[in-house]
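One structure is given here, and the rest of the page talks about it.
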Amino acid sequence: MKTLSNHLILFDEECPMCMGYTQLFVKTGMLNQEGRVSYQKMPAEVCPIIDRQRAVNEIALVNIQNGEVTYGIKSIFKVIGHSLPFFKPLFTFSPFIWLMEKFYAFISYNRKVIIPAAIKKEGLQPSFKLSYRLIYLLVTWLVTAYILTAYAALLTDFVPLGGRYREYIICGAQIAFQGLIIFFYKREKFWDYLGNMMSISCAGALLLGIGLLAAKILTLPAISFLFYFMVIAGLMLLEHLRRSKLLALGFLLSITWVIYRLVVLGLILVFK
């Protein structure tokens, strides 16, 4: 694999995803060992030639010989295209570039709520884009509700099967309920908390997808799917507590999160 030499990629050391894929570039030989550094530790000679805030929002790739800088998905395309040239025609196809730029921005502007990490130091942080956060909440809501609707069919021995849109209403109402709590509790954390909460919900739903797959290929007792659901719910609660701690929110939001789910379950059982 051909290495892209004389280039330096600047990643966010507070972003596990950023650290992961840039490290993969080094391990696979796409970049050399000195070809990545966090923008928090940006070399002084690089500073004058890059847009610092843009480098925080979109990963920057610097040609240290001529000072050329690329950002975002184009940086990734340049690294991969140099090592795997058969991808170059795709990476110059305008509709594909446009689509991947939007996808990259969707991930980048939500990366702090997808996989959060403690902020180690003060400094530049990714810009907040309300449109991308709203789209993220919408996507995670739809994915979560879709999977939960399918999984509910495995729990009919214990919980009555609801209408087609029951889970969509429950998930949407939880966003509104928790949003109301965080709005009055710590308004400045409103969008960060909702993004983290829906990341937990979506991750839990994706794990339930494993149960759906198992139901298609194995004959298992219904109690096993209930047990698996409860295990996932427990893991979600632990993750909710962990993220609340990172956000310095205490236990209130975790308590209301549990209360909401218990009230909804009670109503489903009462009005079955």
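The values are calculated or read from the model by the stated rules, or taken from the named source; none is laboratory data. As the structure is a computational prediction, the values presented were derived from the model and not from experiment. Every residue, glycine as well, gets a Cβ built from its backbone with ideal geometry; the counts of neighbours run over all protein chains shown. Heads up: the accessible areas ignore ligands, DNA and RNA and are worked out on the full protein's heavy atoms, side chains in. Shrake-Rupley method; radii C 1.70, N 1.55, O 1.52, S 1.80 Å.
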For this session: Write out, first by first residue and then by second, each pair whose Cβ atoms fall under 7 Å of each other, whose residues are 6+ apart or on separate chains, and whose first residue, in the stretch 88-114, is over 14 Å from ILE59 (Cβ atoms) and charged (D, E, K, R) while the second is open to solvent by less than 50 Å² (accessible area, probe 1.4 Å) and modelled with pLDDT under 95.
Result: LYS88/GLY81; LYS112/PRO126
Exercise. Just a yes or no: is a residue in the stretch 122-129 over 22 Å from SER244 (Cβ atoms) and among the charged types (D, E, K, R)?
Worked result: yes
Exercise. Which numbered condition trips up LYS88, out of (1) open to solvent by 30 Å² or more (accessible area, probe 1.4 Å); (2) not in a helix (DSSP H, G or I)?
Worked result: (2)
Exercise. Applying the selection to the stretch 174-209, what residues are in contact with a helix residue (DSSP H, G or I) (Cβ under 8 Å, 6 or more places away or on another chain), open to solvent by 20 Å² or more (accessible area, probe 1.4 Å) and free of Cβ contacts under 8 Å to residues at least 24 places away in the same chain?
Worked result: PHE183, PHE190
Problem set entry | Candidates ASN63, ASN57, filtered to the one that is polar (S, T, N, Q), open to solvent by less than 80 Å² (accessible area, probe 1.4 Å) and without any contact (Cβ under 8 Å) to a residue 60 or more places away in the chain | ASN63
Exercise. Any chance the stretch 68-82 includes a residue that's in contact (Cβ under 8 Å) with a residue 60 or more places away in the chain, closer than 18 Å to SER5 by Cα and of a type in the set (Lys, Arg)?
Worked result: yes
For this session: Identify, by number, the condition in (1) closer than 21 Å to LYS2 by Cβ; (2) more than 24 Å from the chain's Cα centre (by Cα); (3) open to solvent by 30 Å² or more (accessible area, probe 1.4 Å) that LYS41 doesn't meet.
Result: (1)
Exercise. Can you tell which of LEU130, LEU142 is modelled with pLDDT of 95 or more, closer than 15 Å to ALA203 by Cα and in contact with a helix residue (DSSP H, G or I) (Cβ under 8 Å, 6 or more places away or on another chain)?
Worked result: LEU142
Problem set entry | Test for TYR151: is it more than 15 Å from ARG243 (Cβ to Cβ), of a type in the set (Ser, Thr, Tyr) and either touching a residue at least 40 places away in the same chain (Cβ under 8 Å) or assigned to a loop (DSSP other than H, G, I, E, B) (or both) | yes
